[in-house]
Amino acid sequence: MRNAILLHLEVQHPHSLIYRQLNSVPLLKLYFEGDGCLLKDYRISRNSLEALMRCLGPERRQAWGHHMTILTTLYWLAHGLSFSLVSRAFQVPLSTVHRLVHQGVEDITALRHSLIKLPAGPELEEVGQGFQQLANSPAFRTCVGAIDGCHIRIRAPSGPTGQDYVNRKLLQLQAVCDGMGKFLQTFVGFPGSVHNTRVLKHSALYREALYPPPGYFIVGDGGYPCIVHPIVIVTPYREPLQGRVQSRFNSCHAKASSIIERTFGKLKVRWRCLLSKALEVNHNFVPAVVTACCVLHNICLTAGDILEVLEVERSPPRPVRGVRGGQGWKDRLADQISAPDHNPLHDHDYC
């Protein structure tokens, strides 16, 4: 492939600066000229990168310019550097880095509908089995997702809307994942000062009752309402707990719901642009950046490309007051955990 690429460049651009740079930029030589590990520089394995290029389409895999776009974008996402530092690393003008990164993020984000999708049919049963194993209880076999919010630091926008972002945790990513930590649905864009419940109620997941389907539930922490309509979300019992039944339920619930926190940790440890420093891009571009990282997370997970989990800094959930719509589901699940021979979810009055 490399010879074909070089021949194409020689014919089209015999005196091209880009052609000469291919042999002088270590970051490009690492990808084009060898079989070396890409994890240190790009935070992604070669198998994952090849999977990404396959998803982007065959015509793009043959275009050296598109490889340059994706490699520059991955490097920027992986390290959270300024465009000027990326410009020096790849020896290209600052304006070129800006164009390549925006194009690369746009191309990767365009894959979201095929790579971040809600399961259906037999897939639901497989997801349920994953949560049953996580919780170590058959009561969670109809649990098909864990929901939570994650904060991303950004440069606060100027003007009146900037006041909404006066919070050291400035922008929210709401996500649902399966038992393996794969993103099933994402919603990003609300300021960090907004409560999880408000973000939920503005998301398509809630407004259009997208997920879970009837007969299934998802788990969330105390920052979410325990409800059965328009979707079923089951939260833990609040302190103080009333006996062993509630204690056992909370233990199983914590085992099942913690997968979403670990998923956010894996996302941030790989794509360090989301980790510590504020994203120094226009706030309107941030949702696309976060979504692109989620798409890449799913590609890496499918390819078996796993990095060490990072504990994500997060605030204790602000409890939701006065919402008891899902209490029946919670009580039935708790009873089933404490009395596994009885299956209360076979009753027909829980939704």
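List of remarks:
- Cα gyration tensor shape for the range 227-273, rounded if a/c is under 1.5, else prolate or oblate: oblate
- Between the beta carbons of CYS55 and SER251, assuming R0 = 35 Å, the FRET efficiency works out to 0.35 to the nearest 0.05.
- Proximal lysines relative to LYS268, as straight alpha-carbon distance under 23 Å, when same-chain residues fewer than 8 apart are discounted: LYS40, LYS117, LYS169, LYS182, LYS255, LYS277
- Full-extension gain in nm, GLN103 to ARG238, via 0.36 nm per residue minus C-alpha separation: 44.0 nm
- Phi to ³J(HN,Hα) by Karplus 6.51 cos²θ - 1.76 cosθ + 1.60 over the range 28-45, Hz, x for Gly, Pro: 7, 4, 4, 7, 7, 10, x, 10, x, 6, 9, 4, 4, 8, 10, 6, 8, 7
- Proxy reagent accessibility, fewest Cβ within 10 Å first, across ASP178, ASP221: ASP221, ASP178
- Going by neighbour counts of Cβ atoms within 10 Å, the residues MET68, MET53, MET180 line up, fewest first, as MET180, MET53, MET68.
- On full extension, the segment bounded by GLN133 and SER95 gains 8.7 nm, given 0.36 nm per residue less the C-alpha separation.
- The amide H of ILE152, built 1.01 Å from its N in the peptide plane, has LEU170, LEU171, GLN172, LEU173 as neighbours under 5 Å, considering only residues 5 or more places off or on other chains.
- Computed from the C-beta positions of GLU123 and ARG262, the FRET efficiency with R₀ = 30 Å rounds to 0.90.
- Projected label points at ASN282 and ARG155, each 7 Å from Cα along the beta carbon direction, are separated by 1.2 nanometres.
- ³J(HN,Hα) computed for each position of the range 190-200 - Karplus, 6.51 cos²θ - 1.76 cosθ + 1.60, integer Hz, glycine/proline x: 6, x, x, 6, 7, 5, 3, 5, 5, 4, 4
- Taking 0.36 nm per residue of sequence separation and removing the Cα-Cα distance, the THR302/SER24 pair yields an extension gain of 96.8 nm.
- In this structure the amide hydrogen of GLN185, modeled in the peptide plane, comes within under 5 Å of the amide hydrogens of VAL176, none closer than 5 places in sequence on its chain.
- Sorted ascending by nearby beta carbons within 10 Å, beginning with the fewest, SER257, SER247, SER338 become SER247, SER338, SER257.
Coordinate-derived values only; no laboratory data. Just so we're clear, the structure is a prediction, and the values are computed from it rather than from any experiment. Please note: Cβ atoms are built from the backbone with ideal geometry, for glycine as well, and neighbour counts cover all protein chains shown.
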